[in-house]
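The values are calculated or read from the model by the stated rules, or taken from the named source; none is laboratory data. Quantities reported herein were computed from a predicted structural model and do not represent experimental measurements. Because the Cβ atoms are built from the backbone with ideal geometry, glycine has one as well, and the counts that use them run over all protein chains shown. The accessibility values were calculated without ligands, DNA or RNA, using every heavy atom of the protein model including side chains. Shrake-Rupley method; radii C 1.70, N 1.55, O 1.52, S 1.80 Å.
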Amino acid sequence: MIERPLYLKQLIKYKDKDIIKVITGVRRCGKSVLLFDIYANYLTENGINSSNIIKINLENIDNLVLRDSLKLYEYIKEKIVNDKKYYVMIDEIQYVNEFEDLVNSLKNMGVDVYITGSNSKLLSGDISTKLRGRSIEIKIYPLSFAEYYSFRGGDKQVAYNEYQMYGGFPYAATESDNESKIEYLKMLEETVATKDIIDRYGIRKPNLFDAVYSFLCSNIGSVVSAKKISDTLKSNGYSTITADTVGNYLEYLCEAFLFYKVYRYDIKGKEYLKTLNKYYISDIGLRNSKLQFRQLEVTHTLENIIYQELLRRGYMVDIGKNKEKEIDFIAKNSKDTYYIQVAYSIAEPEKKEQEISSFYKIDDGYKKIVITMDNDPFTILENGYKKMQVFDFLLNENALEEC
């Protein structure tokens, strides 16, 4: 079992607090293992009797009847037989209609409630209103490179080569041979990434949805819009597709945590741009599987991995527009802001100039960093800009602050 110390720490932080813990993330990223195994083990090791930990996996066929909120409530009540604290863990709560009243009722009984879900609507609209002030969201992602490397070990470059090919889904990471990894990723790509969304939203033309999904996989980190995608697909023979349809599909893919939409921010104008955004996939292995492992773009892959790592560390991430230049990421947290360029190599003077020129004439005092695969001792660039080797960034969660 691969440990997830970052997320365990967050669960421990909110343990016994009068608030519902909502754990979200793409399916198969490790939410249930985190709760049912890692966190439950922590509880028992710290004096909680296992009979006071109630685990319910709503994906299990044996629990289909519990997808009814009243039956689930009665089932849990029957399990509560003493006055000690109970910890209720419900996996994939979105299968239960109107579950908000259920979890609020459990919370009001003094139960420590933990729920997981793989759809961003879990905390939107009416649900958010009913849980407002009573819940905290803990976002879970597939394995970071640091988590993967802690399990894999060995040479960093060899481990990274595997990671950029097969991604960070925990089960794939634990498979010993590449063929098994590929088979697992293909299964995920055909279910989590396609069939689940088609069924959930009643998509009537799955071939069009698949074309949009494939387009995003081929264009991670590229500036796109719904109209641009629809125009491209029309030219490739999808004559009935419209920009509105593409827009809906993009929304579905993001709601399922498969992709993340990143907005562009005009640094000089101090405003968000309304058109043309970027999309990054939640796991690079899924992207490679969809493309049959044929379109391996090391720079865009590196960019995607860096973006995911920034999200894990709690940064709000935008794309920066500096007049005619673009900055890959503006990463903000409550303490600081960082301008980040991602490049496979800046060993050639022309490439270095291309990357650092995106920082020119930004005089706000924030750190400006180029993250690269180059393996040399030089960390200082012109004008006080910094260079950081990718493993120094990926394996040190405080790398930006220490730069």
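Some notes on this structure:
- Working note: Cα gyration tensor of the chain, eigenvalues times five, square-rooted, sorted largest first, giving semi-axes of 37, 26, 21 Å.
- Mean separation of Cα contacts under 8 Å (6+ apart) over length of the chain, as relative contact order %: 13 percent
- For region 198-311: rounded, prolate or oblate by the Cα gyration tensor [a/c cutoff 1.5]: oblate
- DSSP-loop GluC sites (Glu not before Pro) across region 10-94, with at most 13 other Cβ within 10 angstrom: GLU59
- Take region 178-329 with all the other protein chains still there, run a 1.4 Å probe, and you get 43 Å² of accessible area per residue.
- Student exercise, the chain dipole from Lys, Arg, Asp, Glu Cβ charges, in Debye to nearest 20: 960 debye
- Here region 298-403 yields Rg over Rh of 0.91, to two decimals, using C-alpha coordinates and the Kirkwood radius.
- Solvent-accessible area assigned to carbon and sulfur over the chain amounts to 47 percent, based on a 1.4 Å probe.
- Cα-based reach from LYS261 at 18 Å (exclusive), listing lysines while leaving out same-chain residues under 8 positions away: LYS121, LYS139, LYS227, LYS228, LYS274, LYS278, LYS321, LYS332
- Here, P(r) means the percent of Cα pairs in each 10 Å bin from 0 to the largest distance; for region 171-228 it is 20, 38, 33, 10, 0.
- A straight Cα-to-Cα reach below 19 Å connects LYS107 with the lysines LYS13, LYS15, LYS17, LYS21, LYS55, LYS71, LYS77, LYS79, LYS84, LYS85, LYS130, residues fewer than 8 places away in its own chain not being considered.
- 9 Å beta-carbon shell around ASN277, net charge (K/R +1, D/E -1): +3
- Charge dipole magnitude, Cβ of K and R +1, D and E -1 - region 190-289, Cα centre, debye nearest 20: 380 debye
- For region 47-132, a/c is not less than 1.5, where a ≥ b ≥ c are the root eigenvalues of the C-alpha gyration tensor, and a/b tops b/c. That puts it in the prolate class.
- Each Cα pair under 8 Å and six or more residues apart adds its separation to the average, and for region 42-153 the resulting relative contact order is 22 percent.
- The chain: most fluctuating residue of GLU100, GLU324, GLU271 per GNM, C-alpha cutoff 10 Å: GLU324
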